[in-house]
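Got a structure here, written out as structure tokens. Questions coming.
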Amino acid sequence: MKNKYDVLVIGGGPAGALAAKTAAEKGLSVCLVEKRPAIGAPVRCAEGIGREALAEFTDPDPRFISAEMTGAAIVAPDGFTMRLESAMAGNKVGYILDRKVFDRELVWRAADAGADVFVKTRATAPIRDGKKIAGAHLEFCGEKRTVKADVVIAADGVESKFSKWCGIDTTVPVREIMSSAQYVLTDIDIDPQATIFYLGNEVAPEGYLWIFPKGKRAANVGVGISGRKSGKGHRAKDYLDRFVKRQFPDGKAIECIVGGVSVCEPLQETVADGLLIAGDAARVVDPLTGGGIYNGMFTGRLAAEVAAKCIGNGNCSKNALMPYDAAWRASKMGRTIARNYQIKEFLIKLSDEKLNDIIHSLAKVNLKEFSTLSLIKEITKANPKLMLELGALAASLR
Amino acid sequence: MLNIHRDICGYCGCCVSVCPEGALELIDAYLTVEPACTSCGICAKVCPLGALEVVHEK
Ligand SMILES: Cc1cc2nc3c(=O)[nH]c(=O)nc-3n(C[C@H](O)[C@H](O)[C@H](O)COP(=O)(O)OP(=O)(O)OC[C@H]3O[C@@H](n4cnc5c(N)ncnc54)[C@H](O)[C@@H]3O)c2cc1C
Ligand code: SF4
Ligand code: SF4
């Protein structure tokens with residue numbers, strides 16, 4: 001470990017890995033630190049990603065693809081199932097990753113590109129040079145170190161403490177944290193090529209329950225509920241256990257994981273003097289789907305691109321770094337987050353009866369395109385009254 | 001005072017993200033709480049496993 005780098009990346013998830021790899025490819029000296037002893041473990045994810053989203057960053061290497069998806073289904077609160085198939089039968093729409101391998105591979109690629117990587121190394125505080133963030137204090141296998149950097153990229157995930165230490169409020173509102181629990185279940189009867197989402201207050205209040213296949217007879221079965229709805233006797237794990245007992249009484253859980261997913265709006269500002277914030281730490285998870293793998297990789301790469309430019313120009317002030325913030329907000333990802341936040345806010349207020357109505361009416365139309373946007377468009381088309389309730393949102397969908 | 005039941009905790013960081021005081025920190029596989037904690041109980045509410053508990057001393 002040197003004591004000065006061009007870029008210091010905090011966190012070895014998808015956001016940090018893409019930031020480190022991109023910065024190294026731009027010829028910068030890069031240090032990535034990850035506090036866990038092993039990249040990617042334990043998994044904090046249901047591991048689903050769209051085909052095109054993955055393709056933007058990597059080929060679908062069979063080493064990190066657990067399963068290919070060709071369809072999906074939504075189960076209404078009353079148990080009615082609506083199936084969604086991709087336009088061409090058998091055409092894949094997405095993957096279920098093996099994130100232990102995937103995350104490790106991404107960091108490996110960053111290392112191959114020239115980044116220094118240190119595991120079991122935790123950032124404990126920023127180093128300041130006046131107002132500017134100028135590096136971080138680290139704890140490296142019990143030893144204290146300091147690493148200076150022209151730019152620090154905080155990609156420290158849902159905890160997002162580094163930015164907090166830098167004075168940026170990253171606290172997630174209670175009602176906007178998805179408190180989640182998941183088993184990897186084996187020896188269960190499933191459709192191995194379709195993801196299934198269960199909605200409703202009984203199964204997952206203000207959230208959803210998922211079955212994401214990991215093989216012929218195995219799946220990630222998990223649930224996320226609003227933090228507001230969580231409490232003694234009705235926590236995510238309680239909902240999950242109830243569902244599994246009913247649906248898969250003979251399933252064997254070979255892994256039990258928990259986690260939090262932020263479904264709030266992104267941070268007001270994702271830059272400061274000498275600091276860029278990427279991935280979950282910036283709260284850029286899709287608020288409707290809870291998906292953040294792609295968004296992490298996208299913002300991580302973009303952060304490094306802007307950092308490279310600013311370092312080249314010798315100016316890493318907040319103003320100089322601001323194009324990062326502006327670019328992700330203007331991107332397709334940023335616009336999707338803004339739109340899906342409104343949709344989520346609308347959907348969580350619906351009663352189970354109304355959700356039933358919507359899903360029943362949706363099942364009657366033939367979706368041409370496989371996406372949440374086309375789904376929402378059909379919902380509003382099938383329910384003209386909803387258009388009124390959706391107001392400005394509906395207008396943006398036309 | 002906040003009690004952390006380490007035997008229940010799955011060290012996921014969910015609680016860390018909602019603490020308004022920034023009083024929680026995950027150090028690899030164990031959670032710590034700093035004196036800044038106000039015993040507000042938000043973290044205990046959202047924990048997916050129920051590993052946190054606010055106890056009021058008399
Ligand atoms: C239950 C659950 C299900 C999910 N399902 C999906 C899904 O199906 N599809 C999808 O796209 N997304 C899903 N997500 C979201 C997805 O997992 C995250 O959005 C994604 O991992 C974000 O990547 P990241 O790099 O920003 O953060 P992370 O992957 O969380 O990486 C952050 C890293 O930073 C490290 N770190 C933290 N603090 C420090 C420090 N001080 N010093 C050093 N290192 C530090 C952490 O140990 C961690 O490894 C799910 C999340 C959960 C919890
Ligand atoms: S939310 Fe619960 S399980 Fe997760 S780290 Fe906090 S105490 Fe542990
Ligand atoms: S009780 Fe409140 S202040 Fe204390 S750690 Fe939990 S959320 Fe933070």
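The values are calculated or read from the model by the stated rules, or taken from the named source; none is laboratory data. Note that the coordinates shown come from a computational prediction; the quantities given were computed from them, not determined experimentally. Neighbour counts run over all protein chains shown; Cβ positions are idealised from the backbone, glycine included. Heavy atoms of the whole protein, side chains included, go into the accessibility calculation; ligands, DNA and RNA do not. Shrake-Rupley method; radii C 1.70, N 1.55, O 1.52, S 1.80 Å.
I need the Kirkwood Rh of segment A:3-109: take the reciprocal of the average 1/r across all distinct C-alpha pairs and report it in angstrom. Could the numbers behind the result be given before it?
Working: mean 1/r = 0.0629 Å⁻¹.
With all distinct Cα pairs of segment A:3-109 included, I get 15.9 Å.
How much of the calculated P(r) for segment A:303-371 lies past 14 Å, in percent of all Cα pairs? Can you show the working numbers first?
On the way: 1720 of 2346 pairs.
That fraction is 73 percent.
Give the long-range amide H neighbours of A:Gly135: residues separated by 5 or more places, or on another chain, with amide H under 5 Å away, using H modelled in the peptide plane at 1.01 Å from N.
Amide H to amide H, under 5 Å and 5 or more residues apart or across chains, A:Gly135 pairs with A:Ile127, A:Ala149.
Just to confirm the number: angle between the C-alpha axis of helix A:14-25 and the first principal axis of chain A, 0 to 90 degrees, nearest 10?
So the helix axis and the longest Cα principal axis differ by about 40 degrees.
A:Leu97 accessible area, nearest 10 Å², 1.4 Å probe?
So the heavy atoms of A:Leu97 present about 0 Å² to solvent.
Per residue, what volume in Å³ does the Cα convex hull of chain A take up? Spell out each step's value before the answer.
On the way: hull volume 55.2 nm³, N = 398.
Cα convex hull per residue, to the nearest whole number: 139 Å³.
Given +1 on the Cβ of Lys and Arg, -1 on the Cβ of Asp and Glu, and no further charges, what dipole in debye does chain A carry about its Cα centre, rounded to the nearest 20?
On the way: 55 positive and 47 negative charges, 121 e Å.
Magnitude of the dipole: close to 580 debye.
Full-extension gain between A:Arg145 and A:Lys309, please, as 0.36 nm times their residue separation minus the C-alpha to C-alpha distance.
Working: separation 164, 0.36 × 164 = 59.04 nm, distance 2.76 nm.
Taking 0.36 nm per residue and subtracting the Cα distance, the gain is 56.3 nm.
May I pose another question? Round to the nearest 10 and give me the degree value, 0 to 90, for the angle of helix A:236-247's Cα axis relative to the longest principal axis of chain A.
Approximately 40 degrees, to the nearest ten.
Read phi for every residue in segment A:55-70 and hand back ³J(HN,Hα) as whole Hz from Karplus 6.51 cos²θ - 1.76 cosθ + 1.60, θ = phi - 60°, with x for Gly and Pro.
With the stated coefficients, segment A:55-70 comes to 4, 5, 10, 6, 5, x, 5, x, 5, 10, 9, 7, 7, 9, 9, 10 Hz.
Residue by residue through segment B:34-49, which ³J(HN,Hα) values in whole Hz follow from phi under the Karplus form 6.51 cos²θ - 1.76 cosθ + 1.60 (θ = phi - 60°), with glycine and proline marked x?
9, x, 4, 4, 9, 6, 6, x, 4, 4, 5, 5, 7, 4, x, 10
Binning every alpha carbon pair distance of chain B at 5 Å from zero, what are the percents per bin?
For chain B, the pair-distance distribution reads 4, 22, 35, 27, 10, 2, 0.
Separation between the B:Met1 and A:Asp61 pseudo-spin-labels, each 7 Å from Cα along Cα→Cβ, expressed in nm?
4.9 nm
Return the FRET efficiency for the residue pair A:Lys216, B:Ile8: r is the Cβ-Cβ distance, R0 is 35 Å, and the value is rounded to the nearest 0.05. It would help to have the intermediate numbers written out before the result.
Values: r = 33 Å, r/R0 = 0.95.
With R0 = 35 Å, the Cβ-Cβ based efficiency is 0.60.
At 0.36 nm per residue, and after removing the present C-alpha to C-alpha distance, how many nm does the segment from A:Glu269 to A:Asn91 gain when stretched out fully? The partial results should precede the final answer.
Working: separation 178, 0.36 × 178 = 64.08 nm, distance 3.95 nm.
So the extension gain works out to 60.1 nm.
I've got another one for you. Could you tell me which residue out of A:Cys310, A:Val107, A:Val93 lies farthest along the dipole of chain A toward its positive end? Charges go on the beta carbon: Lys and Arg +1, Asp and Glu -1, centred on the Cα centre.
A:Cys310
Here's something else I'd like to know. Can you tell me the FRET efficiency between A:Asp241 and A:Asn319 if r is taken as the Cβ-Cβ distance and R0 is 60 Å, rounded to the nearest 0.05? The partial results should precede the final answer.
Details: r = 51 Å, r/R0 = 0.85.
My answer for the efficiency is 0.75.
Using modelled backbone amide H atoms (1.01 Å from N, in-plane), which distant-in-sequence or interchain residues come within less than 5 Å of A:Lys216's amide H?
none
Enter the angle in degrees (range 0 to 90, nearest 10) between the Cα long axis of helix A:332-347 and the first principal axis of the Cα atoms of chain A, meaning the one along which they spread out most.
With rounding to tens, the tilt is 40 degrees.
In addition: If you check each cysteine of chain B for another cysteine whose beta-carbon is under 4.7 Å away, which ones come up empty?
When partners are defined as cysteine Cβ atoms under 4.7 Å apart, chain B leaves B:Cys9, B:Cys12, B:Cys14, B:Cys19, B:Cys37, B:Cys40, B:Cys47 without one.
Hey, got the dipole for chain B? About the Cα centre, +1 on K and R Cβ, -1 on D and E Cβ, debye to the nearest 20? Walk me through the numbers before you get to the answer.
On the way: 3 positive and 7 negative charges, 37 e Å.
Dipole size: approximately 180 debye.
Let me ask something additional. What FRET efficiency comes out for A:Lys232 versus B:Ile27 if R0 is 35 angstrom and r is the Cβ-Cβ distance? Round to the nearest 0.05.
On the way: r = 26 Å, r/R0 = 0.75.
E(calc), rounded to 0.05, equals 0.85.
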